[in-house]
Structures are given as C-alpha cells and as structure tokens.
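Everything below concerns the one structure shown next.
The values are calculated or read from the model by the stated rules, or taken from the named source; none is laboratory data. All figures in this text were calculated on a predicted structure; none of them were measured in a lab. Cβ sites come from the backbone with ideal geometry, for glycine too, and all protein chains shown count toward neighbours.
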C-alpha cells in the first residue's frame, strides 16, 4: 500500500539530511523531488501543485520549529499537509434516524463494487447491525449470482427478487427491486440496506440517470463511490463525474494490497470534497478497514501504523490462548512444539508477514525488519506446520525424544528434508531457552507484552 509514493518521498527527504539549516536553495531542491514523487505516484496535477505551495509557505514561514533538523522539519510539514489533504479526521459513517439506513454503492465495472458491498456488510455486522444486501444490476448476467455468493460467504441476508429470464430488463426492474428490497429490510428488521448497482465500463449517461432515479426513490444516507486504487487518475476522473451527478458522500478504495501508487487516495478527497471512508486491502471478507488519514500518512512517510496493527491483533487473536501461552512459556513449564504451531497459526491470522512488517516504522531498529520482509517465504509457515503435524503427540510435547530415526520418519511423512526438520527443532530449542531466561528473570514486562500481542515470535531461517 502506497509503496511507490512512500519510497519516492523518503528519498526526497535525504536531500536535506546533513544540512544545518533550511535555506531557499535546499527547500526548493527538496520540493522539486517531492513534486516529482507526487506526480509519478499519480497525484492529480492541481492537487500536487497546491500541496507543494502549502509546504513551501510553511517551510519558509515562522511555523518551522528550530529544535528539529531540516529533514525533520520538512517531514513534519509534509505530514501535516498530507493529513489536511486527506481529511484531518476519520470520516464518520452516517446512519439514518429512521431505519433502514440505505447505502447506494456506485462505481465503474471491475472496481470491486460487489465485493466491497459484502465487505461493508461484514464490517457492519461486527458493529451489531443487521445488513440486507440486494443487487439491482439487471444487465450483467452473473452480477446477481456473484452477490449471492458473497452474501452466503459472510452469512449476510440477501434479497434476490424475481426477474423473468425471458424478458429484457431495464430501469423499471431496477427501481422495482430496490423498492421491494427496502420493504423486505423493514419486514425482516434489518437496519441497513446495501444496494449494489450496475457497473459501467465508462461514464454512461443512461445508467447515470438510472442512479439518479435510484437516489430519488431510496433517499440513501450514504452514496459510496467504489474506486480501484490501481487505476490512478481514471479513478479520480470517475469519482468527479459521479459526484457531479449524485453528490457522493464518500469513497471506498479497493485493491490497496496491489501495486497501488497512492495518487488516487490523495486526489479523490480534494477533487470531490468528499472523504475516503474505507480501504479494501485484500480478497478476504475481513480485508477491509476504516480509512484513518493520520495512520495512512504515517505509512506513506515510513512511520508505520502501530495503531492499526494493535487493532488487528485485538480483533483476531485469542486473548485467552495468548495469556495461557505467556504464563506457561515464562513460568518455566516449557514451550512445546504444539505451542510453537499454535503461535504460528495466531500470527497467520494477522495477515502476511509483509503486511505486518509494513505497519512497523521503516527507521531505527525496524529498518532491517522492513527490508527482510520482502524475502520472507510465506510457504515456510505451512511447511513448519506440516512438519509438526507429522509428529506424534508425544513428540510434539517432548521434542527431546526426537532422535535420528524419528527425524527421518517425520521428514518423509511431511514431504520435507531432515535438514528442515533439524532447523525447526533448533529454532524451537533456541526459543525455549529464551522464554526460560525471560521467566527466570521475573519478566513481568515481557509477560505483559506476550499477553497483549498474542505470544508472537520471530521465525525464519
């Protein structure tokens, strides 16, 4: 997420490192590089120009803090202006005073609108709401079936409605389905109605008129424009067109886990005047998060996003298992291979190692971890689990009994090599010693940390 923009901005800051003071010359040099970084990351030209001028004014003005180095001063100013560009506060999701709250999903075909509808329903369910999904895309044959599959995967209610397969369908059917779905939401006590609309290959006036009619019929509380972040300026132009026609209330950026340059995120807010509310960060239903401007800017500037990482851990990790593991490991009772396997499974719940590392700062002691993240073999985790699964219960609980012949049998049963089995046992032994040392030294701080973070550990060759 934002790797291209992040890398280019951080390189531009290096220009000022080693400088004693901020001068017109070094400020202009840094700003030229920041401008190139923004434009190469697909930030809208007008947005980039406005951002640079604001950074220039603050850099040369009295707001500069003399206690900071020139590089730190520019980073702080860039951070403040990026946050102002994206929206100072996290956008609130609006709910109707009288349920159901109607959410109209808008966007081009292929932007991830149907998937985002399901992810939004999942997100709302976690908040205690009862969403009802409906597809009013009567033009694309598989559209309604796709939403049905998504709804089933997350356990959300779906209103399918009836369409005559022998007839050609149009706006009248769209409006009928929407009206029926709202009535169904009321009858089934669903407080949210998410309407997945027809996609477009481009800005189509007839379909935009249909969206306007849907808006008039349903009076939606939220009209969310779904944009593929990988399409850059195309997403910005489409957002402007939809906003001009419908007055959107916010945007959802999808495919943020892909090769996204970040420009769409910085531009949509400024061009439409409406906030980005959610990010789609993967294919799974829970790969969906609220958009926090300050956290996103911290990621862009290499400062990490510990807050989101902690929230993810809080949501996905089993606190009871984490506390039991910390107590057992640090009390000297031992750290078995079964415990090792369980901790690997807990880590996998947080996402890929790369996604976890990207949320850590890319400076200081974390810099090397960031660089190593790209070389982590995610398949290694699966191989380790397979090796441990190939052991007997007795072996998993007491690794000391695993002799040469047992190692050969385990390697054969897991489809790995004896060397890989040896590497795993060596790591397990080292970790066991580490936990014993922590426990014998009192280790109250360590124990608290292990309990909070779910007992995560470092694994690698």
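At-a-glance table
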quantity: Residues that are closer than 20 Å to residue 172 by Cα and surrounded by 14 or more Cβ atoms within 10 Å (Cβ to Cβ), drawn from segment 122-155; calculated: 133, 134, 135, 136, 137, 138, 139, 140, 143, 144
quantity: Qualifying residue in segment 168-187 (condition: under 26 Å from the mean Cα position of the chain (by Cα), in a helix (DSSP H, G or I) and surrounded by fewer than 16 Cβ atoms within 10 Å (Cβ to Cβ)); calculated: no
quantity: Answer residue from segment 382-401, given it is part of a loop (DSSP other than H, G, I, E, B) and out of contact with any helix residue (DSSP H, G or I) (no Cβ under 7 Å at 6 or more places or on another chain) and is modelled with the lowest pLDDT among those; calculated: 398
quantity: Tally, over segment 156-183, of residues that are out of contact with any strand residue (DSSP E or B) (no Cβ under 9 Å at 6 or more places or on another chain) and in contact (Cβ under 8 Å) with a residue 24 or more places away in the chain; calculated: 8
quantity: Options 108, 82; residue that is crowded, with 20+ Cβ neighbours inside 10 Å, more than 18 Å from the chain's Cα centre (by Cα), in contact (Cβ under 8 Å) with a residue 60 or more places away in the chain and not assigned by TED's automatic domain parsing to the domain that holds residue 150; calculated: 82
quantity: Those residues of segment 236-248 which are in contact with a strand residue (DSSP E or B) (Cβ under 6 Å, 6 or more places away or on another chain) and either on the phi > 0 side of the Ramachandran plot or touching a residue at least 60 places away in the same chain (Cβ under 8 Å) (or both), in sequence order; calculated: 242, 246, 248
quantity: Hits in segment 236-273 (condition: farther than 15 Å from residue 86 by Cβ, assigned to a helix (DSSP H, G or I) and at pLDDT below 85); calculated: 237
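Residues checked against (1) under 26 Å from residue 267 (Cβ atoms); (2) modelled with pLDDT of 95 or more; (3) not in a helix (DSSP H, G or I); (4) not assigned by TED's automatic domain parsing to the domain that holds residue 40:
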residue	(1), (2), (3), (4)
166	no, no, yes, yes
189	no, no, yes, yes
202	yes, no, yes, yes
206	no, no, no, yes
230	yes, no, no, yes
